[in-house]
Each structure stands twice: as C-alpha cells, then as structure tokens.
Amino acid sequence: MADILDILDIEQPGTAEITRDSILHGDKMKKKYVTAKAARRPEGMHREVFALLYNDNKDLPPLLPTDTGKAYKQTKAKLGMRKVRKWVWAPFTNPARKDNAVFYHWKRKTDESKEYPFAQFNKQVSIPSYSESEYNQYLKSEDWSQAETDHLMDLCQRFDLRFIVIHDRWDRAAFRDRSVEDLKERYYNICGILSKVKTNPWSNTVTMVNGEKRVYHYDAEHERKRKEQLRRLFDRTKEQIEEEQTLLAELKKIEARKRERERKTQDLQKLISRADGNSAAANQTAIANDGMNTPSTVSSSIARRHDRKLHKKKLASQQRPMRAIETVTVEWSGIKFPEARGTGVWLRSQRMKLPPGVGQRKTKAIEQELRLMNIDVAPTPTESICKHFNELRSDLALALDLKNALTSYEFELQALRHQYEALNPGKTLTIPPSICNTSAEADTKPLGEIIDVVGSPGSHNNTI
Amino acid sequence: MSGPNGMLYGGDEIGALVFDPGHHSLRVGYAQEDTPKADIPAVIGVGPATHIPDAEEKVPDGNITQSAAKTGNELRHYIDVTEIHVPRPGMEIQTYMKDGQVDNWDLFEKMLDYCYSKVIRSPSEHHPALFTEAVWTTRPAREKLAELLFEKYQAPAFFLVKNAVLAAFANGKSTALVLDAGASQTSAVPVIDGYAIVSAAVRSPLGGDHLAAQAKIMLNNMHIQMLPIYSIQSKEVIRERERAKYTLKNLPAGLTQSWQQYMLKRQYEDFCHCVAQVSENPYEERVAAAVPGVHHEFPGGYHQDFGPERFKLTECLFEQTMGAAQLVCSAAGACDADARPALWGGVVACGGLSALAGWPDRVARELAARAPSSHRLKTHAAPSPQERRFAAWLGGSILASIGSFQQMWISSQEYDEGGKGQLERKCP
Ligand SMILES: Nc1ncnc2c1ncn2[C@@H]1O[C@H](COP(=O)(O)OP(=O)(O)O)[C@@H](O)[C@H]1O
C-alpha cells in the first residue's frame, strides 16, 4: 500500500504500521517525508531517474558502495513484550524419597515451590505381608521354609513381581534352585490364603465381583506343562525343524492326491450311473428288481446335474457326498436338447440342432461316429426321426465320455504299474485281468467292478 | 520439565555425572548430553617425576596429577593421550581394569581425580555420580566404588547400573538382548524390564584386543614391519611396496617395555580401524578379492593395498563356538521360555568393536541363520558408530536425567545411615 501511495505522491497520514523494522528498531521509528516535499518531479522525468537524483534526504546517491556502519550494531531484537524470566539452580526435595535428600535442578525463579512433579510416578506394587504367627497358622508348607518364603516376598517387592527377574536373583547359595512356576505358585498361594483370612485384599490378586471376593488362582501344573511345551518347541534342532517341514509338505501332497482320486472316482461314478440310468429308463422293471444293489444306480440322479462339468474334468471340484436316492427316473442323458422355444412358427429341423453347450470337439466326434454308422448327419426331420436322432446323439456323447474316462484310467493304471516296477526293481505288478480292460471289453464288464478298482486304495498307496 | 499446559516432560537434570569405565577407555560426561565430555584411555602412565627438558614439560602442565610434592623420587601419573603418548624414560603403562571391573583402586582414584579436575572442572561434591558396571562385577568391587565416591569424593548421591541395561535404554528398549563387543571381550546379556538377567549372561574373550593381536600376527606373516610412530623423525615418499626410507628420532633411553607395547597396540588398533572389514558372509577368497582394496601407509612410509587380507583378518571374531551370534543364542537359550520371543525381537548391538565396518551386518546375518524359526528376529544397531560405542554411557545420560529416576539415587544421607550394604538392594 505504501508503495502505491509513494508512486502517486500521496502523503500518508503518520500511521504506525507494524513492520519487522519497527519492531526491531522500536521507538526509533524513522520520520519519513519530513523534508521530502522540497523537490517536485519535473514533468516527463521518469520516477526511477528522479529517485536516483533526489531521495528523501536529498543526498546525492553515493558513487562508491559505502557502509553506513549501522548494520553491524543493530540493536537486539525485542521479541516479547515481557521481560525474560530468570532460571535459578535451586534445591528441591523429592517426596518419593524417604531420606529427604536435597538435589539441585534448574527452575524458574518465579515458580512457587510445589511438590516435585515426578514423585507422582512413584508407584509400588502392594505385596501381602504376614506376621510370624500368621505364617505359622496359615502359611506353613512342607516344601517352603519361612526364611525362603520371606526371601521370596522380599524379592517380589523389590522386583515388582517380575518373576523371571526374581528367578534370576534367587539366592541359590542359601536356598535350593526353584523354577519360575514354583515361585509363582507359592506367591499366589500365599496371596490366596491371606486374602481369605485377612481383611485387606491385595489389589493385584483379588478382584471384587458383585461384592464377592475372587482370588486369582494360579494353575501351576498347567503352567509347567505349557512352559515345557514352549521350551521343547523352541529347543528343536535344525534337523528336527526341517524334518517336520518335509513331513508337513508330504502330508499336503498326500491329501492333494487323495482328493484327486476321490474326484475321479466320483466323476466315473457319475458317468456310469448315467449309462446305467439310460438302461434303467429303457427297462424300469429290471432296476426295480436288482438295480439297487449296484452303487452306480444309487447316485445316478446326482450325476445328472454335473454332467456338463464332465467335459472339463479339471474344473470339477470336491463333489457332494453320495446319497442314496430311491427314485431312479432318468429321462435324460448325454445332451439336453432344448424344448420348443418361444412362440410362433419354427422349423422342426431346429430341434435337431445341438445346443450351444456342446463343444466343437464333441460335435465333430459325434458326427464322425454318425458317419461310421452310415447315418446322415442331417436327416429329414420328421417327428420320429427327430426324436430318435437326438436320442442317438445323446447316447453317443455319453459313450464318448465313458470311452475317454476309460482310456485315461487305463493310462493311469499303466503309469502306476511302471512306477511300481521302478520302485521295486525286479518285481512285476501283475494286474488282475478283471481290471485290465481293453477298450473292446469295457462295455461288457460289470460296472460295479470298475468303481471298486479305482476306489480301492491298494495299488495307489504304494506310490505315496 | 513441566509445560505450561500442565504436561509433564520426562527430563529433569540435576547436574549428574555419568562414568562408564571400560577396558579400552573411560567415558565421562554430564547427564543429558548426547556425547561424553571425554573418552580417556583406560591406562595410566606411571613414571618417576624426574624432569626431562621437554617442550611440554616446561609449560605448566594441567594434565599431570601429582601424587605428592614435586620432590625426590615421587611417582607421577600421566593420564590421557597427550600425556601418555610422550616418550618418557621409566614410564610404565598400567591399567586399573581387570576382567571387566576396576581392580587397581589407587590407580582408578588417580583417574577420577583427573576426571573431576580436568574434564569436569567442578567439585565432586556438587554432582551425583552414576557409574556403569559389567554384569559380573563382584560385590566387593561395587561396594568399594560406592565407598570411594561417598567418602573420598563426597558425592551427594551415587548409583550403579549394569551397562547392558543402559545400552538397551540408549536404544529405546527396556527388554532387549544386548550384544556388547568391547575391547577385552564380547558379551551377550538379556535385559528384561530394565533388569539384567545375570545368570543368563555369557561372554567370550574375542574383542578388539584379540583383533589387534591377530592384525599383528598377520602383518608379521606378511613381513610388514610396524615401526613405532614416535620413533620416526622423517620419511621419504616412496612407491608402493618399496622399501621404506626414513630416519629415526633420538629417543630418550630407558623407555619401558610396557609403554612400547602399548603404543604399538594402539597402532595395530588403528590399522584395524582403517583397513579391517567384516565380510557379509563367511570369508571366501574369491568374493573378498572382488572388493576394491584399501590403501594403507605405515608409519615408516611403507604403503600398499590390502585386498582380501582385510576380510580374512576379521574372521577370527566369528569363530563357530565363541562368535557373537553363538553368544546371543546361548544367552537367549538360558532365559525363561516366556521371555525368549521378546529377547529375539530386540537384539541390540553395541560396543566399540561394532563400529568395525560390516560388523553389524554380519552379526545380523549369522543371527538370522541361527535364530529359531519360531521367533521373529530383529537386530538393532544405532546408525552411527559413535552412538554404538558410547551406548552404555548414553543410556546412563538418559537415565540420570529422567525426572522419575531422581528417587533412585543412593544419597549420602542414606549411605551414612545404611552403609554400603544397601548397594545390592538399591542397585539391582
Ligand atoms: N571405528 C572402529 N573400528 C573398529 N574398531 C573400533 C572402532 N572404534 C573402536 N574400536 C574398538 O573397540 C574397542 C573398544 O570398545 P569399547 O566398547 O570402548 O570397549 P570397553 O567398553 O571395554 O572400553 C577397541 O578394541 C577398539 O579397537
């Protein structure tokens, strides 16, 4: 603001503006513009040029840089309004001390001498005390002499119940060595007994709950066991730790393999049950008679739900456990063809279109099969042809799945056999012919047997 | 101390002094300061008070404490580097320390005299004195110290704290496993809630002195002569690994063996400080050779690069059975199982030897390899070597200037009433 006024040559009322300078130089505020009015700026002269010629006190500007000498003896900055308060090296006593020793410290001269502020931190744990007679009456113990008990209580007081430290400072010359738990047990016992027989409870071991005394009970046996376990855990050698680690890793592997096997079993069971279900649909009466005996039929209805997943075996996760389901009504398998959709007119051949869920590969494979059987891939869609054609293709899809499953198990069986022979050189694993399917026989085998083989742990466990 | 808003700050300084007597040096200074006022070698030159026309002698010399009048064959005691390092006939070097505690009390008194008159420059009766001590300091030694302070020096108050506890405090911990690598020994002491666990403390003699001795052997094997620096008048600039060219000084006759050895030991220590380095992993010629060498010039003028040797030298500190990591393991193992996790979580490295380049890293590594996997290991070392060297003193400086500590001192009144027997109770 002042600058603008300067430029416009407007005289300022003598305001006492607060600047750093005015604080620093205090009362010696410069009186500006006292003589400034003498020379007026000639018309057309630049302000800067004029300022060079005529400054406030009309001196000529110096030709050489000069020192006014004032800069070096500037007066001290006065920052506060009040005077500095004095500090004195004064004596004090500390009420936390019992001996009234006098020490010295710095304090403000004006501060009234109040109690030493740090005395409030003087906190002590309250430890129960007992008289000689009380000891004899209540606290006698076969294991502990009174001298030893006294020593314990003394240490508890000195080290504020830090039992590890107490244990470290235990007078081993006079008393026998005791464990931390022994010391704690004795101490808490004494607290318990004394708080029952005496009136003043010790704050740290007794709590009042609803007016009823609760004494802290120290379970020494449990603590000892815990400590022992902890010690063992910490004292394991490197080898032990490594062994444990490898064992854990092995366990994980075993479990993963087990899960994998279960999953496969279930997958297979589903396939089988579906095949079974198909035949069941064909001859319901036969199932009513003997179908229930085979485990495959039981789970057939569960299988229906999951058949989609069969295409991608890996995707299948843990399946729900098998449940016995009485009603075996399978009206559908392999491929589910959509029912008539929407309204209006549609071509019947639409019904023969494979649903989008069936993958490319499968579609190709089915067509291949059809060609082998000399059946047109796109027959004339009469009502009955439509129905039969769809059923045929559905069965074909199922058959393909079963075939795939069979070959993969076959492969696994061979792999296991090789593994077995590699592990036990010289021996050969003769696989009973009942398991040893060739793909041609597979269809004729009783289904139950296949499941048994895969599910039984026998040969698999050798490899683990 | 207390702020305007009624807040209470932790500090209250009462002009206390902190003394940290070690094997290598004695650290002394005012509490609440961040470095000791003086770090005085823990040796005293004792020699006849005969006058030799020596430049330093002519000036009235403050550093010499006189045991009695200047007459006859009185002994004089020479303290601090400026005095000790002057070649004087008949001056023997003696130390008052033995096995981590003060042993020669007459000499130690001379040292304390010197501290009060030349370092503190203030009467001893004005300053409470806090002393550090090693964990295994015996009871007679502790009581003797209290007696000395109260009776001879009229200290208004006195306190003794274990140096491991103070080192833990200096690192901001009350529970820690303190690994102190000093001159004469390396020790590992568990500290729980500010109390040192004495029964679990372990130590080994592998310290700075051992390293200096190894340096001597190494240089001997390399046929490098360590000439005493005080014997060299002048030397010529020569090329690397050339024979040194120097002229010897005229030394006064009758320099003692102990003094010469002490001076040489200082030079070997100096060599270690400059050249020796600890490799991160156990020494391997190939790895060590890849690190650029360090150039060192010996007092005689001979100079050369030191390559893998400087790593090989320090391997003596990491012996399997007595190395620092092993000490920590056994100290932690000797503690109650409940305390171990906290101890492993706060391993504090301090002491002069931990200033050796690479030492903290190597120790941290070895510990990581040895620590039980069930514990979380954390190794602390103050960032600056000075802080590590003076850890115990710093802890003392902090402790003695805390307001709530002021009730702990044994005052002279208490001492007059209870005698020195209460020391065990008051200074656990
Ligand atoms: N910068 C450094 N590098 C290597 N070693 C050092 C360094 N500073 C000191 N030392 C060594 O540390 C030792 C002194 O350690 P210190 O803790 O002061 O011992 P003490 O407590 O017994 O007096 C000496 O042996 C000295 O050589």
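The values are calculated or read from the model by the stated rules, or taken from the named source; none is laboratory data. Not measured: the values here are computed from a predicted model. All Cβ positions, glycine included, derive from the backbone under ideal geometry; neighbour counts span all protein chains shown. Protein only, heavy atoms only, side chains kept; ligands, DNA and RNA dropped before computing areas. Shrake-Rupley method; radii C 1.70, N 1.55, O 1.52, S 1.80 Å.
Which is over 30 Å from B:PRO41 (Cβ atoms) and either open to solvent by less than 30 Å² (accessible area, probe 1.4 Å) or not basic (Lys, Arg) (or both), of B:ASP338, B:ASP361?
B:ASP338
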message: Suppose the filter is away from every other protein chain (no Cβ under 14 Å) and in contact with an Asp or Glu (Cβ under 6 Å, 6 or more places away or on another chain); does B:SER199 pass it?
response: no
- prompt: So which residues in the stretch B:250-266 are more than 18 Å from B:GLN94 (Cα to Cα) and not hydrophobic (A, V, I, L, M, F, W, C)?
  reply: B:ASN250, B:PRO252
statement: Conditions (1) within 14 Å of the ligand (Cβ to nearest atom); (2) within 14 Å of another protein chain (Cβ to nearest Cβ) -> B:ASP338 fails only (1)
- prompt: So, in the stretch B:253-263, of the ones that are out of contact with any Pro (no Cβ under 6 Å at 6 or more places or on another chain), touching a residue at least 12 places away in the same chain (Cβ under 8 Å) and assigned to a helix (DSSP H, G or I), which residue ends up nearest to the ligand (Cβ to nearest atom)?
  reply: B:TYR262
message: Six or more apart or on different chains, Cβ atoms under 7 Å: show the pairs whose first residue is in the stretch B:177-205 and under 11 Å from B:VAL135 (Cα atoms) and more than 16 Å from the ligand (Cβ to nearest atom) and whose second is in a strand (DSSP E or B) and open to solvent by less than 10 Å² (accessible area, probe 1.4 Å).
response: B:PRO190/B:LEU177; B:VAL191/B:ALA176; B:VAL191/B:VAL178; B:ILE197/B:PRO190; B:ALA200/B:PRO190; B:VAL202/B:ALA188
Failed condition for B:CYS316, given (1) surrounded by 22 or more Cβ atoms within 10 Å (Cβ to Cβ); (2) within 16 Å of the ligand (Cβ to nearest atom); (3) part of a helix (DSSP H, G or I): (1)
- request: Could you tell me whether A:HIS151 is open to solvent by 20 Å² or more (accessible area, probe 1.4 Å) and within 14 Å of chain B (Cβ to nearest Cβ)?
  value: yes
- request: Kindly list, by first and then second residue, each pair from a residue in the stretch B:324-349 that is farther than 26 Å from A:ASP182 by Cβ and of a type in the set (A, V, I, L, M) to a residue that is open to solvent by 10 Å² or more (accessible area, probe 1.4 Å) and assigned to a helix (DSSP H, G or I), limited to pairs with Cβ atoms under 6 Å and residues at least 6 apart or on different chains.
  value: B:ALA325/B:GLU366; B:ALA325/B:ARG370; B:ALA349/B:PRO360
- request: Considering each residue of the stretch A:97-147, count those that are surrounded by fewer than 12 Cβ atoms within 10 Å (Cβ to Cβ) and within 8 Å of chain B (Cβ to nearest Cβ), and give that number.
  value: 1
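In the stretch B:10-26, which residues are in a loop (DSSP other than H, G, I, E, B), within 16 Å of the ligand (Cβ to nearest atom) and either open to solvent by 30 Å² or more (accessible area, probe 1.4 Å) or of a type in the set (A, V, I, L, M, F, W, C) (or both)?
Answer for the stretch B:10-26, where residues must be in a loop (DSSP other than H, G, I, E, B), within 16 Å of the ligand (Cβ to nearest atom) and either open to solvent by 30 Å² or more (accessible area, probe 1.4 Å) or of a type in the set (A, V, I, L, M, F, W, C) (or both): B:HIS23, B:HIS24.
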query: Residues in the stretch B:286-302: is at least one touching a Ser or Thr at 6+ places or on another chain (Cβ under 6 Å), in contact (Cβ under 8 Å) with a residue 40 or more places away in the chain and open to solvent by less than 30 Å² (accessible area, probe 1.4 Å)?
result: no
statement: Those residues of the stretch B:408-428 that are farther than 26 Å from B:ILE197 by Cβ and at the interface with chain A (Cβ under 8 Å from one of its Cβ atoms) come to a total of 5
- prompt: Does B:SER373 meet the test of being hydroxyl-bearing (Ser, Thr, Tyr) and open to solvent by less than 30 Å² (accessible area, probe 1.4 Å)?
  reply: no
Sole residue being at pLDDT below 75, more than 16 Å from the ligand (Cβ to nearest atom) and either open to solvent by less than 40 Å² (accessible area, probe 1.4 Å) or under 21 Å from B:VAL18 (Cα atoms) (or both), chosen from B:ILE64, B:ILE120, B:ILE52: B:ILE64
- request: Please tell me if B:PHE150 is open to solvent by 10 Å² or more (accessible area, probe 1.4 Å) and more than 16 Å from the ligand (Cβ to nearest atom).
  value: yes
task: Working only within the stretch B:362-377, note down all residues that are away from the ligand (no atom under 14 Å from the Cβ), modelled with pLDDT of 90 or more and not hydrophobic (A, V, I, L, M, F, W, C).
output: B:ARG365, B:GLU366
message: Being surrounded by fewer than 16 Cβ atoms within 10 Å (Cβ to Cβ), in contact with a Pro (Cβ under 7 Å, 6 or more places away or on another chain) and either farther than 30 Å from A:LEU251 by Cβ or at pLDDT below 85 (or both) narrows it down to one residue among A:ILE451, A:ILE385; which is it?
response: A:ILE385
task: Among what's in the stretch B:393-407 and is closer than 25 Å to A:GLN120 by Cβ and more than 9 Å from chain A (Cβ to nearest Cβ), pick the residue that is surrounded by the most Cβ atoms within 10 Å (Cβ to Cβ).
output: B:GLY396
Unmet criterion (only one of (1) touching a Ser or Thr at 6+ places or on another chain (Cβ under 9 Å); (2) within 16 Å of the ligand (Cβ to nearest atom); (3) in contact (Cβ under 8 Å) with a residue 40 or more places away in the chain) for B:LYS162: (3)
task: Report yes if B:SER330 is part of a loop (DSSP other than H, G, I, E, B) and within 23 Å of B:ALA368 (Cβ to Cβ), otherwise no.
output: no
query: Is there a residue in the stretch B:232-241 that is within 16 Å of the ligand (Cβ to nearest atom) and at pLDDT 90 or above?
result: no
field: Number of positions in the stretch B:378-392 that are buried (at least 17 other Cβ atoms within 10 Å of the Cβ) and more than 16 Å from the ligand (Cβ to nearest atom)
entry: 2
